[in-house]
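Student: Sending over a structure as structure tokens; questions will come in a sec.
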Amino acid sequence: MNYQKLISNGLFGCPYCLLLAIRYKGNLGRKLRYYKYANMTRKKGVAFFRIDRLATDYTNAWYHFSDMPKIERNWYIQNGFNPSKKVYCGLVPDNVNQYLSDFEFYRASNYKNLKSTLWFDNKLNTYYLLQPFAKYLPKHHYYIADGNIYPLSVETKHNFKVEDIMELIKEKAIAAKKCLGGHGDGFYKLEYVNGIFLINDKEISSNKLFDLLESLNGYIITDFIKPAKYLREIGGEDAFAVMRAMVIYDEVEGPQFERLMLRLGTTKSGHTQAGHDYLYIGIDDKGGFYNPLIELSDYDFEKIDKHPDTGKEILGNSLKNLDKLKSLVKEISGYLPTTPYLIFDIIPTEDSFSILEINSHGQPFNFEPFDPVKNSKYFRKLFNL
């Protein structure tokens, strides 16, 4: 059944949007506004499974930016932009055509990798898919599902027990990640420090940790990767540093390295990019850092020159091994030519890189404050802009 065609038809689409509005958490006024935006995005041809995301985003932004004139808020949303883009990337009516709208990116016809989403949306599948590039992945120890602990990149091939994972934690910090889902949902950093088990930096008893591990289902257990020392010196010893890289496979000219930026954590942001209070940093063609921002909430951004914890200057620093990175992701793009749009999340390590995941339809909006994606002829060509 073609759900997209059904939803685009008002006979089915309007009740679908009404159902989403009823489910939306909020008072009647918010639900009515949500319904308005859900119907708007539906009419714009947004993929039916993304209507809720955009309608929620626009509704929340409408009330968050209560100090912005209503006519201005309305202009942003009607054109497919969160009003936060005014500060985030300087988007105003005079330059609106320079930036990618939500309507353009989430249009159903622009899901270029839709037939291969299971390659990337399931982290276990991505692990198997990228075995030719295994040295650029964090070590995957186990896969946990339905009460079983299966071996992955371990020498002994038999099912394991919870006690084996607890012994592993005593040897090194590990990460427990959901195979399905994103935004850091269900992520655990597990380590053993001075005789104490820690989960996301908080003490946990051995019995409770055992119970947690026993309850996991659909999880992979990997090494917890720390970024390179030069990045930890900027952001702090426990700050994450995750790059987002865009590569496009052009049917005529082959793999094209397109964009690169860095997300740098703080003590407030924790171990994933699921929260706030972390930095967005542009990376130029030579690896230099530029135009750093800090995200204070889903909608609030500020320019920043120094890391808020360490006081270290952001500008003047640069990414090491840039040529190696470009070569790596272009090689993977050529290895997967049927999925022409790839967004990587990668941790820079001491002398190399560790790929955390590939996104099947990864958001390109992280690049907009630095080099708008519409500046790329390959991006415009691929997305019919």
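The values are calculated or read from the model by the stated rules, or taken from the named source; none is laboratory data. Since the structure is predicted, the reported quantities are computational estimates derived from the model, not experimental observations. Cβ placement follows ideal geometry from the backbone for every residue including glycine, while neighbour counts extend to all protein chains displayed. Side chains included, ligands, DNA and RNA excluded: accessible areas come from the protein's heavy atoms. Shrake-Rupley method; radii C 1.70, N 1.55, O 1.52, S 1.80 Å.
Student: Return the residue satisfying two criteria in turn: it lies in segment 66-78 and is open to solvent by 30 Å² or more (accessible area, probe 1.4 Å) and among the hydrophobic types (A, V, I, L, M, F, W, C), and of such residues it is farthest from the chain's Cα centre (by Cα). Steps first, please.
Tutor: Our first condition is that a residue be open to solvent by 30 Å² or more (accessible area, probe 1.4 Å); within segment 66-78, this holds for 66-67, 69-72, 74-75, 78.
Right, trim to among the hydrophobic types (A, V, I, L, M, F, W, C) and you get 71, 75.
Details: 71: 31, 75: 27 Å.
Restricting to residues being open to solvent by 30 Å² or more (accessible area, probe 1.4 Å) and among the hydrophobic types (A, V, I, L, M, F, W, C), the top hit is 71.
Student: Taking the condition of being open to solvent by less than 70 Å² (accessible area, probe 1.4 Å), part of a loop (DSSP other than H, G, I, E, B) and not aliphatic (A, V, I, L, M), how many residues in segment 294-307 meet it?
Tutor: Matching residues across segment 294-307 total 4.
Student: Next question, about the same structure. Look through segment 315-343, keep the residues that are of a type in the set (Gly, Ala, Ser) and over 20 Å from the mean Cα position of the chain (by Cα), and return whichever of them is least open to solvent (accessible area, probe 1.4 Å).
Tutor: Only one residue fits best here, namely 334.
Student: Go through segment 87-111 residue by residue and tally those that are more than 21 Å from residue 40 (Cβ to Cβ) and either open to solvent by less than 30 Å² (accessible area, probe 1.4 Å) or assigned to a helix (DSSP H, G or I) (or both).
Tutor: 6
Student: So residue 170 clears everything in (1) free of Cβ contacts under 8 Å to residues at least 40 places away in the same chain; (2) closer than 25 Å to residue 250 by Cα; (3) open to solvent by 50 Å² or more (accessible area, probe 1.4 Å); (4) not acidic (Asp, Glu) except one condition, right? Which one?
Tutor: (2)
Student: Let me ask another. Quickly run through segment 226-279 and pick out the residues that are farther than 19 Å from residue 189 by Cα, open to solvent by 30 Å² or more (accessible area, probe 1.4 Å) and of a type in the set (Val, Ile, Thr).
Tutor: Residue satisfying the conditions is 252 alone.
Student: Say we look at segment 180-191 and pick out the residues that are under 14 Å from the mean Cα position of the chain (by Cα), assigned to a loop (DSSP other than H, G, I, E, B) and not acidic (Asp, Glu); which of these is surrounded by the fewest Cβ atoms within 10 Å (Cβ to Cβ)?
Tutor: For segment 180-191, the residue satisfying everything is 183.
Student: Continuing with this model, one more query. Taking interchain pairs and intrachain pairs at least six residues apart, which have beta carbon atoms under 7 angstrom, with the first residue in segment 72-93 and under 21 Å from residue 294 (Cβ atoms) and the second among the basic types (Lys, Arg) and at pLDDT 95 or above?
Tutor: 83/73; 91/85
Student: How many of the residues in segment 192-225 are open to solvent by less than 30 Å² (accessible area, probe 1.4 Å), under 11 Å from residue 166 (Cα atoms) and not hydrophobic (A, V, I, L, M, F, W, C)?
Tutor: Count: 0.
Student: Go through (1) open to solvent by less than 50 Å² (accessible area, probe 1.4 Å); (2) within 28 Å of residue 373 (Cα to Cα); (3) touching a Ser or Thr at 6+ places or on another chain (Cβ under 8 Å) for residue 62 and report which single condition fails.
Tutor: Going through (1) open to solvent by less than 50 Å² (accessible area, probe 1.4 Å); (2) within 28 Å of residue 373 (Cα to Cα); (3) touching a Ser or Thr at 6+ places or on another chain (Cβ under 8 Å) one by one, residue 62 breaks only (3).
Student: So which helices (runs of 4 or more DSSP H) stay within segment 1-66 end to end and still have 3 or more residues that are at pLDDT below 95 and within 19 Å of residue 110 (Cβ to Cβ)?
Tutor: Working: elements: 3-8, 10-23, 28-43, 51-64.
Because the criterion is at least 3 residues that are at pLDDT below 95 and within 19 Å of residue 110 (Cβ to Cβ), the helices (runs of 4 or more DSSP H) in segment 1-66 that meet it are 3-8.
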